[in-house]
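What follows is a single structure, written as structure tokens, with notes after it.
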Amino acid sequence: MTVRETALETALETEAGLDPGAGWRRASGAGIAAWARAAAPLAEAAVATPAEPWRCGGTWFVGLDALDNDTRGTVGATDFPWDEVGLAPTALHRAQVSVVRPGYPQPSPDETEAGFRFRLNRDSAHLDGLIAEGPEKRRRVVEPHRWIIGLPLNAADAGASPLVVWEGSHEIMRAGLLAALQGVPEADWGAVDITEAYQKARKRVFAECARVELPGVPGEAVVLHRLLVHGVAPWAKGARAAGEGRMVAYFRPVMGSVGAWLLAP
């Protein structure tokens with residue numbers, strides 16, 4: 001599949017209704033609230049019997065593929081609220097259930113000192129879809145996502161490690177990565193080491209883009225452009241959340257190609 005052959009892929013952000021200058025938007029409604037109520041007990045069960053250890057000194061449950069939804073996003077008898085979130089239905093993976101506890105982040109043996117400082121001071125800002133491989137952590141585009149959506153599943157204070165985005169960062173990241181891929185056939189883009197280009201573009205994002213915290217409550221959803229730099233803020237002193245900690249379900253369906261991921265609007 002090439003970008004030129006996939007007209008549907010090029011309409012992604014028209015479907016998502018994103019402000020091109022910001023790269024994110026909120027949605028809310030009764031259907032989103034109903035879905036969160038249905039998903040919350042399943043998410044809590046996954047956290048109670050984790051298939052993986054908590055990270056960051058026991059303050060972050062990554063929860064990849066932890067929610068027992070079907071490919072339509074249905075949980076139990078509750079349909080995914082496609083109309084309210086403003087997205088065209090597409091096949092979904094099992095949602096990530098990301099849970100953060102008070103004290104996040106803490107140092108841990110599986111993270112370098114530099115990595116911990118970046119998590120603490122830069123919210124572990126990253127671009128989804130890039131996989132760091134080998135001891136040198138070289139990055140390639142392995143998972144070209146269509147969009148990212150987060151749906152809060154429980155009540156939490158605004159300072160309870162909210163999602164953080166850098167507004168407009170998607171266009172800086174696009175330009176930086178495309179520059180690094182000049183002269184490479186589009187079909188081979190996923191094989192190219194883009195580590196330096198990614199780091200250079202992210203540095204520019206920190207210098208030029210507004211950092212915005214996006215706390216949320218059940219009944220809301222936040223939709224992100226697939227190229228938007230984002231992360232998680234440290235837990236603010238005195239912030240509280242219900243249950244195990246601040247809990248959000250995330251979906252990131254994969255799209256057709258790395259070319260479409262970079263070139264579609």
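The values are calculated or read from the model by the stated rules, or taken from the named source; none is laboratory data. Not measured: the values here are computed from a predicted model. Using ideal geometry, Cβ is built from the backbone for each residue, glycine included, and neighbour counts are taken over all protein chains shown. In case anyone asks, the SASA skips ligands and DNA or RNA and just uses the protein heavy atoms, side chains included. Shrake-Rupley method; radii C 1.70, N 1.55, O 1.52, S 1.80 Å.
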In µm²/s, what is D for region 7-137 at 20 °C and 1.002 mPa s, where D = kT/(6 pi eta Rh) by Stokes-Einstein and Rh is the Kirkwood radius from Cα pairs? 123
Straight-line reach from Lys237: which lysines have Cα under 29 Å away, leaving out those fewer than 8 places along the same chain? Lys203
Quick check: residue separation of Asp128 and Ala175 times 0.36 nm, minus the Cα distance between them. What number comes out in nm? 15.3 nm
Taking Cα centroids, how far is region 104-137 from region 185-201 in Å? 20
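Would you mind calculating the gained length between Ala236 and Gln199 on full extension (0.36 nm times residue separation, minus the Cα-Cα distance), in nm to one decimal?
10.6 nm
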Histogram of C-alpha separations across the chain, 10 Å bin width, %: 7, 29, 38, 22, 4, 0
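At 0.36 nm per residue, and after removing the present C-alpha to C-alpha distance, how many nm does the segment from Glu208 to Ala187 gain when stretched out fully?
Numbers: separation 21, 0.36 × 21 = 7.56 nm, distance 3.15 nm.
Here the segment from Glu208 to Ala187 would lengthen by 4.4 nm.
So which trypsin sites (Lys or Arg not before Pro) in region 80-141 pass both tests, a DSSP loop state and at most 15 other Cβ atoms within 10 Å of the Cβ? Please report the intermediate quantities before stating the final value.
Numbers: sites: Arg94, Arg117, Arg119, Arg122, Lys137, Arg138, Arg139, Arg140; in loops: Arg94, Lys137.
When the trypsin sites (Lys or Arg not before Pro) of region 80-141 are filtered for loop state and at most 15 Cβ neighbours within 10 Å, Lys137 remain.
Keeping all protein chains in place, calculate the accessible area per residue for the chain (probe 1.4 angstrom), answer in Å². Intermediate results must be reported in sequence, preceding the final value.
Working: 12030 Å² over 265 residues.
Accessible surface, normalised per residue, equals 45 Å².
Ranked highest first by average number of other Cβ atoms within 10 Å, how do 141-148, 25-32 line up? Write out the running numbers ahead of the final one.
Details: 141-148: 20.1, 25-32: 15.9.
Going by the mean number of other Cβ atoms within 10 Å, highest first, we get 141-148, 25-32.
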Given bins 10 angstrom wide, list per bin the percent of all Cα-Cα distances in region 147-225, short to long. 16, 35, 28, 17, 4
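With +1 assigned to the C-beta of every Lys and Arg and -1 to the C-beta of every Asp and Glu, and no other charges, what is the dipole magnitude of the chain about the Cα centre in debye, to the nearest 20? Display every interim value, and only then the final one.
Values: 27 positive and 32 negative charges, 142 e Å.
So the dipole magnitude of the chain works out to roughly 680 debye.
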